[in-house]
Amino acid sequence: MRRPVIAGNWKMYKTIPEALEFVRQFKPLVVSVTRCEIIIAPPFTALKQVADRLEGTNVQVASQDVAAEPGPGAFTGEVSATMIKDAGARWAIIGHSERRQLYCETDDSVNAKIRAALGADLNPIVCVGERLEDRDQGRAQMVVDAQITAGMHNLTASEASRIILAYEPVWAIGTGRTATPEIAQEMHWFIRSRLKGMFGEGVSENTRILYGGSAKPENVEGLLNQPDIDGGLVGGGSLDPEIFAKVVHIRESR
Ligand code: PGA
């Protein structure tokens, strides 16, 4: 059985006091949650303090990115997997579509970042997803296939088994437009079948695949009920402790 995961991606939101206030309010709201894994990805500046406040709780911490170079070294502005681990995070989001679109990330850099993370015992949450024009032109599966094939190139099955995948159709991120449960399920099933081809049945059956893109308490239930959707990666809906806790409880009580 795959353990469900609800992860929150705060993007470039929250100062340290704002992040700690979120944690203060959020912890008691999810204290009873046992089945669903909960992960929060604060900005780098708040990572350490958020991780400290969440130590020993059922809420884990992720970074929103990681350097492709293992380091240490002369890479101005980069934060290594070892440093992220040191700050108290167990996970790193890699290949988010905003990084691909705005900061020129490629499948090759995603692959390097996955390796850097795994090398420092940091678990990757790898994002894939097609743009609207890809979907309109009937190329959605082809695009996602290419992202997985190149992004997870040359990993062993045991390395691949440490990854969480997030399917985030670019046209659904921050747009208020969610994929229908049917569209999302179809892609999640496709991703699972590709994992089977690349890494075998065990990895395919055990990998958690999250849906992301305008997920909120009002629309997430149908998505989380799909057989191949193991949870959510929530952006805007993770900034408010009560709203994010609602999403967690919807999955928890399923
Ligand atoms: P959104 O973002 O929920 O605000 O659409 C999701 C994401 O980018 O991970």
Given unit charges at Cβ for Lys, Arg (+) and Asp, Glu (-), the dipole magnitude of the chain about its Cα centre in debye, nearest 20, is 440 debye
Explain nothing, just the number: relative contact order of the chain, from Cα pairs under 8 Å at least 6 residues apart, as a whole percent.
22 percent
Rounded, prolate or oblate (a/c below 1.5 giving rounded, otherwise prolate when a/b exceeds b/c) for the range 29-185 by Cα gyration tensor:
oblate
Could you work out the relative contact order of the range 136-254, using alpha carbon pairs under 8 angstrom and six or more residues apart, expressed as a whole percent?
26 percent
Excluding residues fewer than 8 places away in the same chain, name every one of the lysines whose C-alpha is closer than 22 Å to that of Lys14.
Lys27, Lys48, Lys85, Lys216, Lys246
Grab the Cα-Cα distance for Thr34 and Asn58, subtract it from 0.36 nm times how many residues apart they are, and report the gain in nm with one decimal.
7.9 nm
Determine, for each peptide in 24-36, 111-123, the mean count of other beta carbons within 10 angstrom over its residues, then list the peptides with the highest first.
111-123, 24-36
Excluding residues fewer than 8 places away in the same chain, name every one of the aspartates and glutamates whose C-alpha is closer than 18 Å to that of Lys113.
Asp65, Glu69, Glu78, Asp86, Glu98, Glu105, Asp121, Glu159
Based on alpha-carbon centroids, what's the gap between the range 148-215 and the range 218-253 in Å, whole number please?
17 Å
Expressed in nm to one decimal, what extension gain is obtained for the pair Glu242 and Arg139 from 0.36 nm per residue of sequence separation less their Cα-Cα distance?
33.3 nm
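Every number here is computed from the coordinates shown, using simple stated rules; none is lab data. For clarity, every value in this text was computed on a predicted model and none was experimentally measured. With ideal geometry, Cβ positions are generated from the backbone for all residues, glycine too; neighbour counts draw on all protein chains shown.
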